[in-house]
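Below: one structure, written as structure tokens.
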Amino acid sequence: MNNSKKTFLSVNFGCRVNMAETNQWSQTLIDQGLTPSKESPDIILVNTCAITKKGEKESINKIKFLSHQYPQAQIYVTGCADFDKIKNLPNTTLFKNNQKEDLLNHLKSLYTPEIKDKFSHTHRYLLKVQSGCTQFCSYCIVPFKRDYLWSLSINDAVNTVKQAANNNYKEVIITGVNLDQYQPGFSTLVETLLKKTNIQLISFGSIPINCIDKKFIELLKKYSSRIQNFLHIPIQSGSNKILSLMNRPYTKSDILEKFNKIKKIIPRPVKGGARGGFLFGTDIIVGFPNETDQDFQETLDLCQQIGFSKIHTFPFSPRPNTKARIIFENSPKISKEIIKSRSQQIRSIQV
Ligand code: SF4
């Protein structure tokens, strides 16, 4: 197919893993000579999200809008949203989550490669190293949508990061749906990238608590000038009762122990002066079924003790098929006012 003057639009919903995938598809189209554009695009890519009911609705509404607004465009949809709601749209082709590689191959087959250009000019390279999750946290829909586990080999990760550094990227952001299920081991990956590439900075989309092992702490000490000093570590709650109901694989004392170890690290000076210690971000689910005032207070106290500079709060959202939905249906409801007040209290303690 002739690709001269063809344009495309990418729309991403959800996490950094989705973002990394969307970037990869956009790069593929750019490599074939297409130009990103919002004016009558020929191709539209939509990577959907269903982590919350609201997020899923936004994804579906956007696809309906795009289909209506750009009837001439070919729309490719993938991701976690429920495709039943859009299966009859005229100009739309659906690729389930386990067909994302097929989507990539399809995009590659559409046009003959013409020009090479870098997609991102931000100097931050999103590297997806893992996909899928079988942890089955009780509130989460992801394992129902992405239950196949995939890990990028360490060799491929090293080669990709070397190439990114050669292309002038200063920073690589490591992402995965659940990095705790990165098969060769998260700390081993980080160690190898630090030793075998000259990338200036490594950062992370989101680090599961259980990835913070002895080796990772040692890497933070030894390579503090090459590791982003902001670490996003989702804890979700500070109450052991709620963590257990959530099926999170750690307790409150595990959380404290890991954060305390990182806080003790004195960062090495960087070019041009000293660098501050590590800063933390987290995610908290507010109003999980059976969360009492006491449970919430424990979360608040723990967050205060750790001192997060960024806290994303999410009101509990019952998702289809999840255990938490059953717990939710059989528990006294927590009012919207209480959920709002708890969210505000959590946000107000950001340091
Ligand atoms: S670790 Fe838990 S919250 Fe994260 S994707 Fe897996 S099931 Fe969902």
| said: Over the Cα atoms of the range 124-348, what radius of gyration and what Dmax do you get, in Å? | reply: 18.6, 58
| request: Would you kindly give the portion of the calculated P(r) for the range 129-255 that falls above 24 Å, as a percent of all Cα pairs? | output: 32
| Distance histogram in 10 Å bins (all Cα pairs of the range 7-110, percent per bin) | 16, 53, 30, 1
| query | Each residue of the range 216-228 in order: what ³J(HN,Hα) in whole Hz does its phi give by Karplus 6.51 cos²θ - 1.76 cosθ + 1.60, θ = phi - 60°, with x for Gly and Pro? | reply | 5, 4, 4, 5, 4, 5, 6, 10, 4, 7, 10, 10, 3
| said: Using the crude model of +1 on Lys and Arg Cβ and -1 on Asp and Glu Cβ, and no other charge, please compute the dipole size for the range 124-348 relative to its Cα centre, in debye to 20. | reply: 780
| task | Using the charge dipole of the range 124-348 (Lys, Arg: +1 at Cβ; Asp, Glu: -1 at Cβ; taken about the Cα centre), state which of Leu152, Asn166, Gly238 has its Cα farthest towards the positive end. | result | Asn166
| Looking at the range 219-338, what % of the alpha carbon pairs are farther apart than 18 Å? | 57
| query | Among Ser335, Ser26, Ser131, which one moves the most in a GNM of the chain with springs linking Cα atoms closer than 10 Å? | reply | Ser335
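No lab work stands behind these numbers, since they all come straight from the coordinates. Please read all numbers here as calculations on a predicted model, not as lab measurements. As a convention, Cβ positions derive from the backbone with ideal geometry for all residues, glycine included, and neighbour counts pool all protein chains shown.
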